[in-house]
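The values are calculated or read from the model by the stated rules, or taken from the named source; none is laboratory data. Predicted model, so just to flag it, every value in this text is computed and none were measured. Neighbour counts are summed over all protein chains in view; Cβ atoms, including those assigned to glycine, are modelled from backbone coordinates with ideal geometry.
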Ligand code: UT7
């Protein structure tokens, strides 16, 4: 008999949200839209925007400091690995994880970025949990950070009303009890690459006068098709992970979906027959913050003391790639 492997548990959380608030009324002055359209079609009331001198690494650093403060006796120097989930790194290289490590003085930590768009936090959590399970590392910092305002075309009403900026982090450590990250399910379908992408600025279409003139460094999205995909895949991955673990929807205490659009969330909840009282929402306050939306919800629930020991939490996300992911956490 092999000894049972430990579980990875989230032992601390922290978030950073920029102070600057952009309301729907503000957007009415920028593009041909109405506050009412945005609210009824997306559920978003306002979103946060990073100041000009702030980018993903600085926000990730501030969220990480909060997570470290939340873990009694833990110092930055104790961290073995930093994984940063982001689609808006400060630079092509070095990685945003390295920049966060430098700011924290987490000298021992290995670092890498993980690009899986909106499900990026679940992908990073899954990855970190494997290093804990195999006992390769003892303390892992998982950070999600995105400055989507920098890749948003502020003249495109189809996309500019949707996104916001922010960062959120958590610390993972080993635990011998039957709790923590109990299961993860990741998926992707690269044939959907054109539904949601930033076409310019990479090795396919390097930044040039033309890419800038044509706005190819901004998010391009087929909103309606992404919407339909999201509803279908979020229901499927939620059902699949529950089945894999011999659980029912009724066993779930809290459902934390990716926060892209209230109508997507409500449709998924309805299909799953999960009460909206169990669904954690922050889309109205922060808009879609890509990989950051789910960990902000985790952090706010953790800090407000609403999670009880033993609660079953289901995370569920979709995004560019196309990618999707779900995760079951026993708190
Ligand atoms: O994290 C993943 C990232 N993305 C998403 O999750 C987005 C998923 N998709 C969505 O959330 C929705 O598809 C949107 C909110 C983007 C759009 O809502 P929709 O109900 O799918 O609208 P639509 O794209 O079918 O457009 C309906 C109309 C169009 O006008 P016409 O062609 O019918 O005259 C749009 O031009 O709404 C118009 N429209 C707007 N009108 C006022 C699009 N954006 C706006 C706007 N204000 N901001």
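Quick notes
- Single match in 180, 187 (criterion: in contact (Cβ under 8 Å) with a residue 40 or more places away in the chain, under 25 Å from residue 78 (Cα atoms) and surrounded by fewer than 24 Cβ atoms within 10 Å (Cβ to Cβ)): 180
- For the stretch 280-295, filtered to residues that are in a loop (DSSP other than H, G, I, E, B) and over 21 Å from residue 84 (Cα atoms), the residue that is farthest from the ligand (Cβ to nearest atom) is 280.
- Check on residue 298, under 23 Å from residue 126 (Cα atoms), away from the ligand (no atom under 16 Å from the Cβ), surrounded by fewer than 22 Cβ atoms within 10 Å (Cβ to Cβ) and at pLDDT 95 or above: no
- Answer from 47, 62, 41 - the residue that is assigned to a helix (DSSP H, G or I), within 16 Å of the ligand (Cβ to nearest atom) and at pLDDT 95 or above: 41
- Any hit, the stretch 196-213, residues being closer than 17 Å to residue 115 by Cβ, more than 20 Å from the chain's Cα centre (by Cα) and within 16 Å of the ligand (Cβ to nearest atom): yes
- Those residues of the stretch 124-173 which are more than 22 Å from residue 287 (Cα to Cα) and surrounded by fewer than 18 Cβ atoms within 10 Å (Cβ to Cβ), in sequence order: 130, 133, 134, 135, 136, 138
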